[in-house]
Amino acid sequence: MKPIALAALLSFLPGVKAEPPTKPIDVDRLIVSLNEIEQGKWGTPGGILNISYALWSDYSKMAYQLSGNRYHALIVYKLAIHGIMARLARIGHPVTVEAVATCWNEGFEGARRQKFRTSFGTRTSNLYHDTSFNKGIP
């Protein structure tokens, strides 16, 4: 006999949806995919992902000039990406690469107005899922 998933049992209750399990997002691969689109440089404010001042200050108490430093920036990038994923989950939106990339580019409210779909998000998602794309973090 097959075990029944709790989500499947709860799906019979009114207002509860059984979502299929999603594969977790590899944050390092997402950073590489975002970098391929953003084309930022280390040593410049914003770093390789051109992080905005507002997003940087949401996740870091360090000066924005340090956003060009590889060590500091990678920590803040990962914190910001996890924050975006948590915010998407909190509002009940599926946490997809496209939605996270759209939030990164447009800001959360800007992405929400566009229903979490932009060409930037689609291009980033295509790179992320492309099996022949094998770059590391620069």
P(r) weight above 20 Å for segment 24-129, C-alpha pairs, percent = 32
Which value in nm describes the separation of the simple spin-label points at Ala54 and Tyr71, placed 7 Å from the Cα toward the beta carbon?
-> 3.1
Given Lys61/Lys115; Lys23/Lys78; Lys41/Lys78; Lys78/Lys135, which pairs have Cα atoms separated by over 23 Å?
-> Lys61/Lys115
When a footprinting reagent is the concern and you count Cβ atoms within 10 Å, what order do Ile31, Ile25 take, fewest first?
-> Ile25, Ile31
Sorting Leu66, Leu55 on the 10 Å Cβ count, fewest up front, what's the list?
-> Leu66, Leu55
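Read-outs throughout are calculated quantities, based only on the coordinates presented, and are distinct from any laboratory measurement. Remember, predicted model here, so these are calculated numbers, not experimental data. Every residue, glycine as well, gets a Cβ built from its backbone with ideal geometry; the counts of neighbours run over all protein chains shown.
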